[in-house]
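Structure, as structure tokens:
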Amino acid sequence: MFAFTLKKIIARLFFPLPLALESIILGWWLARKDRFVSLGRSLIVFGCVFLYLASSSPFVDQFLYPFEHLYLPVQKFQQGVSYIVVLGGGHVSESVLPPNAQLNAWTLARVIESVRLRKMFPESKIIYSGGRINFFDKKSNAEVMKQVALMLGVPEKDIFLENRSLDTRDEVIFLKPMLQGKKFILVTSASHMPRAVALFKKEGLQPIPSPSSYLSKKTSHYLWWSYFPSFSGLHKSERLCYELLGLAWAKINGAI
């Protein structure tokens, strides 16, 4: 758990908003030194420009759209699908809220996609994956996803849980014995799918991708206010950065 937490903290130092602030703060500090005034000012300008670009949807979409659309959702029936595997994405347990409100937006989208696929492949079983990332949370992510699936009409007998994993690499390792030699559909967010597919294939598994929660849509007709910095643009760049860092780390440690 300590290594997992440390990895998450270090990764966030390289996210767009922290990186821009780090550049601006470092530039401000250097600009106070006579020898580094020019460098300091350059870092401040770089931080401001980078922050604008990272929070502008039209700019971020140029990179995120092709990344998210490497795979498209399954829309045609295929024979022999044994499992629909849904990777965890996070939740916050709160007893006063129904399970669907406890899941974050992209995890809820994954559950909805799994229910859609279950209607296409009624003989298949659903596996919800994801452990307890928050030490203080008594429920695993898989458990909450299961509760939402039950609310949406999926029979409990057709649901299996993998609730020990902390990250995607864990999920692949824990699910491998069940999925080896089986035909299965993999459900996760569109931005996460390239890394997830690579991790599964590295272990000799052949997932059929069916992404959910696309953040970018193909359009060349942005409204003029779309070019203003926004939370939406920053959220997109953060997700792209998160996945690129994840891919880099997986390559470094030989997971893909």
inquiry  = Yes or no: segment 10-25 includes at least one residue that is surrounded by fewer than 19 Cβ atoms within 10 Å (Cβ to Cβ), closer than 30 Å to Phe174 by Cβ and out of contact with any helix residue (DSSP H, G or I) (no Cβ under 9 Å at 6 or more places or on another chain).
reply    = yes
message = Residue under question is Glu203, and the condition is that it be at pLDDT 95 or above and either farther than 17 Å from Val85 by Cα or buried (at least 19 other Cβ atoms within 10 Å of the Cβ) (or both); does it hold?
response = no
Of the residues in segment 241-256 that are within 13 Å of Pro194 (Cα to Cα) and touching a Pro at 6+ places or on another chain (Cβ under 9 Å), the one that is surrounded by the fewest Cβ atoms within 10 Å (Cβ to Cβ) is Leu247
Selection from segment 66-125 of residues free of Cβ contacts under 8 Å to residues at least 12 places away in the same chain and in contact with a helix residue (DSSP H, G or I) (Cβ under 7 Å, 6 or more places away or on another chain) yields Glu94
Review point. Would you call Val60 on the phi < 0 side of the Ramachandran plot, surrounded by 16 or more Cβ atoms within 10 Å (Cβ to Cβ), outside any helix (DSSP H, G or I) and touching a residue at least 40 places away in the same chain (Cβ under 8 Å)?
Key: no
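Hey, among the residues in segment 153-189 that are among the small types (Gly, Ala, Ser) and closer than 24 Å to Ile252 by Cβ, which one's farthest from the chain's Cα centre (by Cα)?
Among those that are among the small types (Gly, Ala, Ser) and closer than 24 Å to Ile252 by Cβ, it is Ser165.
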Checked against (1) surrounded by fewer than 17 Cβ atoms within 10 Å (Cβ to Cβ); (2) aliphatic (A, V, I, L, M); (3) part of a helix (DSSP H, G or I); (4) under 18 Å from the mean Cα position of the chain (by Cα), Leu70 satisfies every condition except (3)
Of (1) within 30 Å of Lys138 (Cα to Cα); (2) in contact with a Leu (Cβ under 9 Å, 6 or more places away or on another chain); (3) part of a helix (DSSP H, G or I), Ile10 satisfies every one except (2)
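The values are calculated or read from the model by the stated rules, or taken from the named source; none is laboratory data. Note that the structure is a prediction, hence the values are computed from the model and not measured. Reconstructed Cβ throughout: ideal geometry from the backbone, glycine too, with neighbour counts over all protein chains shown.
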